[in-house]
Amino acid sequence: MIKPEAEAFLLPGTNDIALLFIHGITASPSEVYPTAKLIHELTQCTVKGILLPGHGTTLADLSLTRWTDWYDTVKKETEELQKTHRKVYVAGLSMGGLLSLYAGIKMTQIAGIISINAPIFLRIPLPGLLAPVMRLFVNNLPKVQTSWNKELNSLGRFNYDATPIDAFQSMWQLRHKVTAGLKNITQPLLVIQSLRDETVRSDSGRFIASHAVNASVDLMELQSSRHVATMDREKEAIAKKIADFIKSTDNV
């Protein structure tokens, strides 16, 4: 059963543009909602936050899902929005950023791609390197409960307190597919990277921007935000940047 605080959301717009917003691994649409609401107010476009398979319920459910399950949901939701909207943009935070980039690689009819703190390089790379070994001993990797994580929870973010190693390893497979396919993105691309990200290395954004050689790329580096930038102190600046990105590419 889906936890009430992890439910998907839909903010109906008054025009024919839509934005699909994707959350990160172990999390839920609640972590992108604060920024999504601001984007909706600025653009009046439809903004939909989806819940990925295995999320919003239990860790055991997430352990059984893989990146292909998550992407299939993104593809389906994007195609549904395309039936009723002239242009559809896809945005994602963290793993959601990887999924938005992969959607851009595979679905050329998407109007534009927004990636926020996609995990190209991790600050602590050991989980990615040791996942195949670690899964022989433990199923889940507990998270460190920092004061910032506790604050996020108090602000309404639903997030598991551990990461299933099988799911993490699958996300890392997606990461490799994205880095290999960045050159195939041809849509306008907005890359947002927190310089104070405690999870993802700050050069991840620059890597994406420099390797998407066939796309028109705009890179925004956030000076004060942490990993969950969509709930942090620069969320208004993120929303304005995304709103301007949508407006500037609407007639492209």
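The values are calculated or read from the model by the stated rules, or taken from the named source; none is laboratory data. Predicted model only: the values in this text are computed from it and were never measured. Cβ placement follows ideal geometry from the backbone for every residue including glycine, while neighbour counts extend to all protein chains displayed.
Taken over segment 103-113, residues that are in contact with a helix residue (DSSP H, G or I) (Cβ under 7 Å, 6 or more places away or on another chain) and touching a residue at least 60 places away in the same chain (Cβ under 8 Å) amount to 5. In segment 67-88, of all residues being touching a strand residue (DSSP E or B) at 6+ places or on another chain (Cβ under 8 Å) and among the basic types (Lys, Arg), the one that is nearest to Ser100 (Cα to Cα) corresponds to Lys87.
Which residues, taken from segment 28-76, are among the acidic types (Asp, Glu) and under 27 Å from Leu155 (Cα atoms)?
We begin by selecting, within segment 28-76, every residue among the acidic types (Asp, Glu); these are 31, 41, 61, 69, 72.
Passing the criteria: Glu31, Glu41, Asp61.
Residues in segment 139-171 that are of a type outside the set (Gly, Ala, Ser) and closer than 14 Å to His55 by Cβ: Arg157, Phe158, Asn159, Tyr160, Asp161, Thr163, Pro164, Phe168, Met171.
Is there a residue being among the aromatic types (Phe, Trp, Tyr) and at pLDDT 95 or above anywhere in segment 172-194?
The answer is no; no qualifying residue exists.
Checking the condition closer than 17 Å to Thr26 by Cα, modelled with pLDDT under 95 and surrounded by fewer than 19 Cβ atoms within 10 Å (Cβ to Cβ), which residue from Leu136, Leu122, Leu126 passes?
Every option except Leu122 fails the conditions.
Scan segment 139-171 residue by residue and report those that are among the basic types (Lys, Arg), surrounded by 13 or more Cβ atoms within 10 Å (Cβ to Cβ) and modelled with pLDDT under 90. Scanning segment 139-171 gives a single hit, Lys143.
Among the residues of segment 34-50, those that are out of contact with any strand residue (DSSP E or B) (no Cβ under 9 Å at 6 or more places or on another chain) and crowded, with 17+ Cβ neighbours inside 10 Å comprise Pro34, Leu38.
Which of the residues spanning segment 4-20 are within 20 Å of the chain's Cα centre (by Cα) and not aromatic (Phe, Trp, Tyr)? Even if it seems obvious, please write down each step before you answer.
Initially, segment 4-20 is screened for residues within 20 Å of the chain's Cα centre (by Cα), giving 5-11, 17-20.
Within segment 4-20, Glu5, Ala6, Glu7, Ala8, Leu10, Leu11, Ile17, Ala18, Leu19, Leu20 qualify.
If you go through segment 166-205 and pick out every residue that is aliphatic (A, V, I, L, M) and free of Cβ contacts under 8 Å to residues at least 60 places away in the same chain, you end up with 2. Considering (1) in contact (Cβ under 8 Å) with a residue 24 or more places away in the chain; (2) under 21 Å from Pro29 (Cα atoms), the lone condition that Arg233 does not fulfil carries the number (1). Considered as a group, the residues in segment 174-217 that are under 17 Å from the mean Cα position of the chain (by Cα) and of a type in the set (Ser, Thr, Tyr) include one that is surrounded by the most Cβ atoms within 10 Å (Cβ to Cβ), and that residue is Ser194. If I filter segment 229-240 for residues that are within 23 Å of Leu122 (Cβ to Cβ), among the acidic types (Asp, Glu) and at pLDDT 95 or above, do I get at least one hit? Yes, segment 229-240 contains at least one residue that is within 23 Å of Leu122 (Cβ to Cβ), among the acidic types (Asp, Glu) and at pLDDT 95 or above.
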